[in-house]
Amino acid sequence: MSLALLVALGVGVLMACGVYLLLRARTFDMVLGLTLVSYAVNLFIFFMGRLAVGKAPIIRAGVPETLTNYADPLPQALVLTAIVISFGMTAVLLAIAVRSHAENGHDHVDEEGRSGVAVDTPPIPGRTPK
Amino acid sequence: MMAFALQHLAILPIAIALLAATLTLVVGERRLAQQRAIAWIAIALLLSCGALAVLRTSSGEMFVYLMSNWRAPFGIALAVDKLTAIMLLLTSFIGAVVMAAQTSSRRPVGTYFYPLFMLQLMGLNGAFLTADLFNLFVFFEVLLAASYGMLLQHPDRARTNAATHYVVINLLGSALFLIAASLLYGVTGTLNMADLSLKINALGPQSRALVAVAGFTLLVVFAIKAALLPLNFWLTGTYRAAALPVAALFALMTKVGVVAIVRTLTLIYPDGSAIHSHMSQALLVIAPLTMLMAACGALSARDVSTLIGWSVVGSAGMLVTAIAIGEPKALSGALFYLIGSTVATALLFLNAASLDQAGARVTSVGEAGGRQWAWTGALFVIGGAAMAGVPPLSGFIGKATILAGSASHSAQVWVWTAVLLAGMLSILAYARMGSRLFWKRDAALVLGACRAWGVESENWPQRGRFLPDLQPHSPAMGQKDGENWIAAVGLQPTIPKSDRLLGASLVPTGVLAIALVCLTIFAAPVQRFTDQAAAELKRPQIMIGNVLGKLPQQKPVVPVPVTGVNK
């Protein structure tokens, strides 16, 4: 029970931090936020195969093939797919974020920043702000 | 050949598109003619697959394909029912028209256009075909990843900003999808939609809450894709920023969300369960509100791309309303309306593209009026009428069927009010935009109209802005190629040499207009098919029986020589 509580809290804290960062509406924060969200989701998928200590998903001879004796292998396969996809998508998002900073001169996700006022961001070293 | 095609009908639309995407990559970035040839061959094959699927399913057959010959709940199953067949044919048709538009366009294609295009088709086809929830997620990701690339063709500031919003909201949607899918797996131990339906039905009351949470999370994800009310703000900006032929292909993307909602409400949580009624009640509030808001948005749109974008939102609202009503007749009307509205959206976007091309000519000649304008104007009227659901065209037939199907429903007053009011408002919006664009015929205003298309015209007057972005990105390109590229892009005459070029851009739109008219004339056979499709959807047992009852192919067993000690 305490293990389940710990795991649930961990997933929840990761998710909350991710959502908070997403709402900051700056590209770099959003990349971090989405990464945290995907961590939370990946852990969640993994734990949906039930928390089991000391069980392998590999079938051994003589042991009945039920989930009481083995760990569920499917969530592990699912989480692998999800990790790969979220990794690739984070790369895409980073590329877009860099480009967006180059185009706009700031890292706010809205073109002009909020209410049409240009957002002040520290300039990139070695480059004059537009 | 035919037997092979029939046996593998369910996997072919995915395999062909994937193979074509790979081949276009292998051929190389510079050999555009070969890439185009491969893409056309693939499109032709996809079209014949779609037609074959429609023909064969109309006789009541359902094709189930077991990947790697694993039995259904264990392996991934693909299924072709009537709804899937419609969507396959529609996807390949819109794909063909977009290809034609891209071929006839004077604009050079962007980086990796053809591979991305093929991957997009693969993702769409896969999302329509799959009968497995996690596989649906994977195909969503395939089509989204391709669409990010398509959106960022010829990237400029507007496109980059739109892409940021679009990518982030879709990644968040994917995270929610994963949560819902794994929650369902955690409770039921399966991801096959047919098996899920059975398992959910057999669940005890204490697991119901979890399954309901998972179901509503799924609905939120699909509502993001279909652009339902609180989750639709990404759509207009994205479609406005996308290159117009790409936007025409995006017309299919919201439909993926709609089809997924259909599957959720008819297969995973079928009629009769408590969760189903909660879901349809929620959707019956949201979807008509989406329609009304879209109509207001269309009325306030200042440029055509935004107007079409809001119409896409409105049509999704209409479709989901009909799905939530759930009567077979409303469902059939929804499928009919889905075909018509997708074709009309593509027509409007491609028409905007051809006007955008023609615009440069008219402004630089300094004289408005001419046959191109008349044609694009006529096509705009056809598309607008079909979109708004004005009587002669197919949009009206679908809408009337949906209204008739909801007549006996308890929410009839609310649904009818929303549908009719939204229809009236969108007629106003199209009339207003059309008169602004086509009746103010003097050169200065035409230039204004070109700006009003909401597209940074590739010809005039921001032409200079495009040049830096059009430089080749690929390091594989040599100096000479780069010079040729610049010469082709930068020094191209702003005024096309002949009307033929502009006439060519009217061909794809013309085909779409003819398709709309045909859909109206041959409405009866199409409606018979959608009626059958709706009846099939209302009886999920058919799908469940076919998917779970499909036996793996028996292969002749080759005896394996036993070597050594096998413990």
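The values are calculated or read from the model by the stated rules, or taken from the named source; none is laboratory data. It should be emphasised that the depicted structure is a prediction, and the values quoted were computed from it without experimental measurement. FYI the Cβ positions are ideal-geometry reconstructions off the backbone, even for glycines, and counts take in every protein chain you see.
The table below gives the values:
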| read-out | value |
| --- | --- |
| For B:A53: the one exception among (1) under 30 Å from B:S505 (Cβ atoms); (2) free of Cβ contacts under 8 Å to residues at least 60 places away in the same chain | (1) |
| Residue selected from the range A:13-34 under the condition within 10 Å of chain B (Cβ to nearest Cβ) and touching a residue at least 24 places away in the same chain (Cβ under 8 Å), by the criterion farthest from A:H101 (Cα to Cα) | A:M15 |
| Answer residue from the range B:142-157, given it is more than 8 Å from chain A (Cβ to nearest Cβ) and not polar (S, T, N, Q) and is nearest to B:G173 (Cα to Cα) among those | B:L144 |
| Single match in B:A39, B:A21, B:A17 (criterion: surrounded by 15 or more Cβ atoms within 10 Å (Cβ to Cβ), over 29 Å from B:V547 (Cβ atoms), within 22 Å of the chain's Cα centre (by Cα) and aliphatic (A, V, I, L, M)) | B:A39 |
| Close pairs from the range A:86-111: first within 9 Å of chain B (Cβ to nearest Cβ), partner in a helix (DSSP H, G or I) and among the charged types (D, E, K, R), Cβ under 9 Å, at least 6 apart | A:G88/B:E141; A:M89/B:E141; A:S100/B:R157; A:E103/B:R157; A:N104/B:R157; A:E111/B:R157 |
| Odd one out for B:S58, checked against (1) touching a residue at least 60 places away in the same chain (Cβ under 8 Å); (2) in contact with a helix residue (DSSP H, G or I) (Cβ under 8 Å, 6 or more places away or on another chain); (3) within 21 Å of B:M122 (Cβ to Cβ) | (3) |
| Scope the range B:177-226; condition without any contact (Cβ under 8 Å) to a residue 12 or more places away in the chain, of a type in the set (G, A, S) and more than 11 Å from chain A (Cβ to nearest Cβ); matching residues | B:A202, B:G204, B:A209 |
| Hits in the range B:404-432 - residues which are more than 26 Å from B:T306 (Cα to Cα) and without any contact (Cβ under 8 Å) to a residue 24 or more places away in the chain | B:A407, B:S410, B:Q412, B:V413 |
| Scan of the range B:32-47 for residues that are within 25 Å of B:D132 (Cα to Cα) and free of Cβ contacts under 8 Å to residues at least 12 places away in the same chain, ordered by number | none |
| Hey, B:L244 over 30 Å from B:T103 (Cβ atoms) and of a type outside the set (K, R) or not | no |
| Residues of the range A:75-85 satisfying the condition of being more than 8 Å from every other protein chain (Cβ to nearest Cβ), aliphatic (A, V, I, L, M) and touching a residue at least 24 places away in the same chain (Cβ under 8 Å) | A:V79, A:I83 |
| The range B:163-176: number of residues that are surrounded by 23 or more Cβ atoms within 10 Å (Cβ to Cβ) and more than 9 Å from chain A (Cβ to nearest Cβ) | 1 |
| Residues within the range A:57-74 that are at the interface with another protein chain (Cβ under 8 Å from one of its Cβ atoms) and either at pLDDT 90 or above or over 19 Å from B:G189 (Cβ atoms) (or both), tallied | 1 |
